[in-house]
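Reading through the structure tokens given below for one structure.
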Amino acid sequence: MNDLDQLLQTAQADFAAAATPAELENAKAKFIGKSGCVTELMKGLAALSIAEKKTRGAAINVLKTGIEAALTARRQAMADAELAEQLKAEALDVSLPGRSRGTGGLHPITRAMERIEAIFGSMGFDVADGPEIENDWFNFTALNTPADHPARSMHDTFYVEGGHVLRTHTSPMQIRYAVQHVKRHQALIDAGQSMPEIRVIAPGRTYRVDSDATHSPMFHQVEGLWVGENISFKDLKSVYVNFMQQFFETTDMEIRFRPSYFPFTEPSAEIDMMFGSGPLKGRWLEVSGSGQVHPQVIRNMGLDPERYIGFAFGSGIDRLAMLRYGVNDLRLFFDGDLRFLAQFK
Ligand code: PHE
């Protein structure tokens, strides 16, 4: 092996031994840098004859090309290794299940409420909202239930500080809404002209001391009120039957008005329904209280009961939602268990 072959081997070995690009560039300088071996060999040519210069010069060029090839190969190998390393570090496991954001959904009670609002909205009912902490006047007295009235014991009331109660029903909204309505149209009323009818529903939370599979201390009602100059029980019946048929999306049901008692309606009726098919077929289910608004309540609204008449109802939204969605335990609605709630998304 001549000195040039020897040099090529040394260069290849040094390049192979270089662990980093910086080390490789240092090794390169030793061989083909400005003052590297190849430059030194070229300088040595000066002392040779023309013929020797030719062969020796050609051999040095071959060496130089060889060193450059070795350098390029090593550079490429380093770059490949670096890329491979990087790819490994950034590897994605495409077999992992994706992390989804999980879309939320409306609570079944909210869905039932929105349904109720849409149906009554289509019949021209306004939707009103009011306080859950009520005073005695709106929750009881204005609804013809004075302090000594035995009907107060029909409700297991939550009393809170300051003589307030957690409203035991949505009926206080009858008074609240009507009083506002009357105020807005007081000029017409004073002039003896016809006031626009009161037609409203008021869905919301209600509270009673009661808790089992079909009763929750917090539950939901929707109050309905329609007062005008000629609104009768037959209007209540047609409005309510229409509502039930739309809510349950069937006409295969019976609805009956069973005589009952409420201090704020006279006459009063309990509304029961019975499905004509399905798992609940043939069972009467109570869904609402109702009746013709009591003259004293009309008076408390600021209206003349000789002129104004109407009906009211108060329905249990939770009960309606249970029937619509086939839920048999009311408490499921309020446990916050996602396994239950996710079924309504
Ligand atoms: N407020 C009554 C209840 O909670 C229901 C009702 C409302 C009855 C309106 C008649 C008229 O039981």
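In this structure, does Glu134 turn out to be assigned to a strand (DSSP E or B) and of a type outside the set (Lys, Arg)? Taking the combined requirement at face value, the residue satisfies it.
The condition of being closer than 29 Å to Val327 by Cβ and either in contact with a His (Cβ under 7 Å, 6 or more places away or on another chain) or surrounded by fewer than 16 Cβ atoms within 10 Å (Cβ to Cβ) (or both) holds for only one of Thr157, Thr110, that being Thr110.
Filtering Leu63, Leu8, Leu41, Leu45 for residues that are touching a helix residue (DSSP H, G or I) at 6+ places or on another chain (Cβ under 8 Å), of a type outside the set (Val, Ile, Thr), touching a residue at least 60 places away in the same chain (Cβ under 8 Å) and farther than 30 Å from Ala342 by Cβ leaves a single hit, Leu8.
Looking across segment 296-305, just one residue is over 13 Å from Ser171 (Cβ atoms), open to solvent by less than 40 Å² (accessible area, probe 1.4 Å) and within 14 Å of the ligand (Cβ to nearest atom), and that is Ile298.
Listed here are the strands (runs of 3 or more DSSP E) enclosed by segment 141-254 that have at least 3 residues being on the phi < 0 side of the Ramachandran plot and out of contact with any helix residue (DSSP H, G or I) (no Cβ under 6 Å at 6 or more places or on another chain): 198-207, 218-228.
Within segment 252-295, the set of residues being surrounded by fewer than 14 Cβ atoms within 10 Å (Cβ to Cβ) and over 39 Å from the mean Cα position of the chain (by Cα) comprises Arg258, Pro259.
When Thr251 is tested against (1) out of contact with any strand residue (DSSP E or B) (no Cβ under 6 Å at 6 or more places or on another chain); (2) among the polar types (S, T, N, Q); (3) within 30 Å of Leu188 (Cα to Cα), exactly one condition is not met: (3).
The values are calculated or read from the model by the stated rules, or taken from the named source; none is laboratory data. Keep in mind it's a predicted model, so treat the numbers as computed, not measured. Ideal geometry is used to build each Cβ from the backbone, glycine not excepted, and the neighbour counts take in all protein chains shown. Accessible surface is based on the protein model in full, side chains and every heavy atom, while ligands, DNA and RNA are left aside. Shrake-Rupley method; radii C 1.70, N 1.55, O 1.52, S 1.80 Å.
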